[in-house]
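Okay, structure first, notes after.
The values are calculated or read from the model by the stated rules, or taken from the named source; none is laboratory data. Values in this document were obtained by computation on a predicted structure and should not be read as measured data. Quick reminder, even Gly has a Cβ in these numbers, built from the backbone with ideal geometry, and neighbours come from all protein chains shown.
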Amino acid sequence: MTDIINQLAGLDGTEFVALRERRSDAVTNAQISFQALLEPENPGEFTYAERYAVAAFITGISQADSAAQFYLDLLADESDDALVATVQGAIAAGTTTGPFHDGNFTVFDASSALGPRLAAAFDFAHLLTFHPKDASPAAVGHLDVAGWSADEIVSLSQLISFLAFQQRVVHGMQVLAGAAPQLVSPQASQEHASQAVANPSWEATENILIPEVVKPAKFVNHSLGWEPWVPAMAKADLTDEHIDALIKPER
C-alpha cells in the first residue's frame, strides 16, 4: 500500500523517503494507524464515510489542502455529493470562526446533510483542533447525545489526534524539502451549516464519567495521573487481540 504520509507530503521519488525510513518503526506505525483509524477491516457504526468526513474537515480547517482534498476524494467514493458539499462548507466555516475567535464555539447544524452524528463530531473535532483546553465531560456528553458509543468516542478522539500528528509530519517533511505550502487568510463563507455561539449548552450525560480531580496549585515533578471520561473496558472483557495490541500489557 502507498505510504500515505509520503503521498500527502509529495515525497515519493525523493531522497526524503529514505530520510523517513531511518525511523522505520515510526513510519510503519504511522501507516498502521492510518489503516486502523481510517480504513479498518470492520468499521462498525463509525462508518468509512464518517471517518473520511472528519479527516477532510480537520485537515481542511488546518489549511492542509492536499490532505483535505485526499480525504474529500475518499469521502466522495463513500457518500453522495450533498454530504461532500456540506463538508466543504463546514471547512470554510470552521477555518474562519471558532472558539479561538471572540470566545465563540462553532456549532454545526444537525439538520444539514451532516446529520446529528457528524455535526456533533465536527463540533468536537473543531474544539480539540483549535481550543483543546475547553474540552470537557460536557463536550463528550454532546457526542453521547448524538449517538456516539463509548468505543466510538474513543476512536473519534484517536482519529483527531492521529490527524494532528499526520499533519505535523507532512508539514515538517515539506519544510525540509523546501516545498511547504504558504498559509493564506481564509475568506468567510456565506454558505455553511454552522453558527457561532457563546455557550453551546452541552452537558455531561449519565454515561460520561466526571472523576474527582485534584489540580496542583504549583509546579510538581511527579505524575499527575489520568482519569477517563468514558467507561473503560473491563479487564475481564479484553480479548487476546486487545492484549496483543498493548505496548506494555502490564499497564
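Do we have Ala18 as exposed (fewer than 13 other Cβ atoms within 10 Å of the Cβ), of a type in the set (A, V, I, L, M, F, W, C) and within 23 Å of Thr106 (Cα to Cα) here? Here the answer is no, as Ala18 does not meet what is asked. It is to be established whether one or more residues within region 110-117 are at pLDDT 95 or above and within 30 Å of Gly10 (Cβ to Cβ). No, because not a single residue in region 110-117 is at pLDDT 95 or above and within 30 Å of Gly10 (Cβ to Cβ).
Among the helices (runs of 4 or more DSSP H) lying completely within region 1-63, list those that include at least 3 residues that are closer than 26 Å to Pro132 by Cβ and in contact with a helix residue (DSSP H, G or I) (Cβ under 9 Å, 6 or more places away or on another chain).
Numbers: elements: 4-9, 16-21, 24-38, 48-61.
Fully inside region 1-63 and qualifying: 4-9, 24-38, 48-61.
Scanning region 195-226 for residues that are of a type in the set (D, E, K, R) and surrounded by fewer than 10 Cβ atoms within 10 Å (Cβ to Cβ) yields Glu206, Glu212, Lys215, Lys218.
Can you go through His192, His242 and tell me which one is modelled with pLDDT under 90 and under 20 Å from Glu152 (Cβ atoms)? Lay out the reasoning, then the answer.
Values: His192 fails: under 20 Å from Glu152 (Cβ atoms).
Sole residue among the options that is modelled with pLDDT under 90 and under 20 Å from Glu152 (Cβ atoms): His242.
Evaluate the following for Gly89: is it out of contact with any Lys or Arg (no Cβ under 6 Å at 6 or more places or on another chain) and at positive phi? In short, no. Of all the listed residues (Ala138, Ala120, Ala82, Ala93), the sole one being in contact (Cβ under 8 Å) with a residue 24 or more places away in the chain, in a helix (DSSP H, G or I) and in contact with a helix residue (DSSP H, G or I) (Cβ under 6 Å, 6 or more places away or on another chain) is Ala120. Determine if region 44-51 includes at least one residue that is out of contact with any Asp or Glu (no Cβ under 6 Å at 6 or more places or on another chain), among the small types (Gly, Ala, Ser) and modelled with pLDDT of 95 or more. No, that holds for no residue.
Once region 25-44 is narrowed to residues that are among the β-branched types (Val, Ile, Thr) and within 19 Å of Ala67 (Cβ to Cβ), the residue that is surrounded by the most Cβ atoms within 10 Å (Cβ to Cβ) is Val27. Residue pairs whose Cβ atoms lie under 7 Å apart, sitting 6 or more positions apart in sequence or on different chains, and linking a residue in region 231-245 that is of a type outside the set (D, E, K, R) to a partner that is assigned to a helix (DSSP H, G or I) and surrounded by 10 or more Cβ atoms within 10 Å (Cβ to Cβ), are Pro231/Ala150.
Residues checked against (1) farther than 20 Å from Asn199 by Cβ; (2) of a type in the set (Val, Ile, Thr); (3) at pLDDT below 95:
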{"position": "Ala119", "(1), (2), (3)": "no, no, no"}
{"position": "His126", "(1), (2), (3)": "no, no, yes"}
{"position": "Lys133", "(1), (2), (3)": "no, no, yes"}
{"position": "Val145", "(1), (2), (3)": "no, yes, no"}
{"position": "Trp148", "(1), (2), (3)": "yes, no, no"}
{"position": "Asp151", "(1), (2), (3)": "yes, no, yes"}
{"position": "Ser155", "(1), (2), (3)": "yes, no, no"}
{"position": "Ile160", "(1), (2), (3)": "yes, yes, no"}
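Within region 142-151, can you find the residues that are assigned to a helix (DSSP H, G or I) and buried (at least 20 other Cβ atoms within 10 Å of the Cβ)? The answer is His142, Leu143, Asp144.
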